[in-house]
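Trainee: One structure, as structure tokens, below. Some questions next.
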Amino acid sequence: MFVAGAASASLLWFLMLAFAGRQLQGVFAKPVAWRLLDGLTGAIMLTLSFWLWQGLE
């Protein structure tokens with residue numbers, strides 16, 4: 001049951017990712033959208049690393 005659930009969740013995830021990519025194709029045609037996405041990704045990574053650092057002390 002676990003393998004079937006994990007496989008179906010993975011399939012659903014990648015199908016939704018492909019659908020979202022198709023829908024957002026026009027938005028990410030602009031370089032400013034990529035800069036915003038990169039900035040958001042960087043902010044999330046910095047926040048997570050700070051939380052991990054705080055937890056290790």
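Trainee: Mind listing the phi-derived Karplus ³J(HN,Hα) values for the range 29-46, rounded to whole Hz, using 6.51, -1.76 and 1.60 with θ = phi - 60°, and x for any glycine or proline?
Mentor: Karplus values, whole Hz, x for Gly and Pro: 6, 9, x, 5, 5, 5, 5, 5, 4, 5, x, 5, 4, x, 5, 5, 5, 5.
Trainee: Next up: Taking P(r) over Cα pairs in 5 Å bins from 0, in percent straight from the coordinates, which label in (i) 4, 16, 11, 13, 14, 16, 17, 8, 2; (ii) 5, 24, 21, 16, 12, 9, 7, 3, 2, 0; (iii) 4, 21, 32, 27, 13, 3, 0 is the correct one?
Mentor: (i)
Any read-out appearing in this document is the output of simple, stated calculations on the displayed coordinates, not a laboratory observation. Predicted model only: the values in this text are computed from it and were never measured.
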